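Peer 1: Structure below; questions to follow.
The values are calculated or read from the model by the stated rules, or taken from the named source; none is laboratory data. It should be emphasised that the depicted structure is a prediction, and the values quoted were computed from it without experimental measurement. As a convention, Cβ positions derive from the backbone with ideal geometry for all residues, glycine included, and neighbour counts pool all protein chains shown. Surface areas here come from the heavy atoms of the whole protein model, side chains and all, with no ligands, DNA or RNA. Shrake-Rupley method; radii C 1.70, N 1.55, O 1.52, S 1.80 Å.
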Amino acid sequence: QVQLVESGGGLVQAGGSLRLSCAASGRTISTYAMGWFRQAPGKEREFVVVINKSGGSTYYAASVKGRFTISRDNAKNTVYLQMNSLKPEDTAVYYCAARSLWVATHPADFGSWGQGTQVTVSS
């Protein structure tokens, strides 16, 4: 099973940008669809974006489309999430997840998870 470690979170003002990274080990991510999810205090974990194994197909939640961009570097075994025009409602713990089959959007469909990285957007 692949192990995932997120980094890059922090505190940023509204309108600012952050770039999250998800470094994988144990197995190559080229055999996984990769996703980002987030969870705010008191709320359920929600889908943000997913990218297929080759990187040629992506699917975004409506709330982040046009502001966030997912990318992957299979050679570096790393997935990235570029977050622009951040809003206070983007504040959450962001999780990277891997799925060995086709892309999906439900957390239950992903078998491997990182520990999360906190993103806080101040108004």
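Peer 1: With the requirement that a residue be within 21 Å of ALA62 (Cβ to Cβ) and crowded, with 18+ Cβ neighbours inside 10 Å, what does region 100-123 give you?
Peer 2: Answer for region 100-123, where residues must be within 21 Å of ALA62 (Cβ to Cβ) and crowded, with 18+ Cβ neighbours inside 10 Å: PHE110, VAL119, VAL121.
Peer 1: Check off (1) open to solvent by 40 Å² or more (accessible area, probe 1.4 Å); (2) touching a Ser or Thr at 6+ places or on another chain (Cβ under 6 Å); (3) not aromatic (Phe, Trp, Tyr) for SER21 and give me the number that stays unchecked.
Peer 2: So the condition that SER21 fails would be (1).
Peer 1: Continuing with this model, one more query. Could you list, in sequence order, the residues of region 58-94 that are surrounded by 18 or more Cβ atoms within 10 Å (Cβ to Cβ) and among the aliphatic types (A, V, I, L, M)?
Peer 2: Passing the criteria: VAL64, ILE70, VAL79, LEU81, MET83, LEU86, ALA92, VAL93.
Peer 1: Pick from region 71-104 the residues that are aliphatic (A, V, I, L, M) and over 19 Å from SER17 (Cβ atoms): which of them is nearest to the chain's Cα centre (by Cα)?
Peer 2: Pass one, region 71-104, residues aliphatic (A, V, I, L, M): 75, 79, 81, 83, 86, 92-93, 97-98, 101, 103-104.
Filter again for over 19 Å from SER17 (Cβ atoms), leaving 75, 97-98, 101, 103-104.
Details: ALA75: 18, ALA97: 7, ALA98: 10, LEU101: 17, VAL103: 13, ALA104: 13 Å.
Looking at the filtered set, the residue picked out is ALA97.
Peer 1: Considering each of GLY35, GLY10, GLY16, GLY26 in turn, give the residue that is over 15 Å from the mean Cα position of the chain (by Cα) and open to solvent by less than 30 Å² (accessible area, probe 1.4 Å).
Peer 2: GLY16
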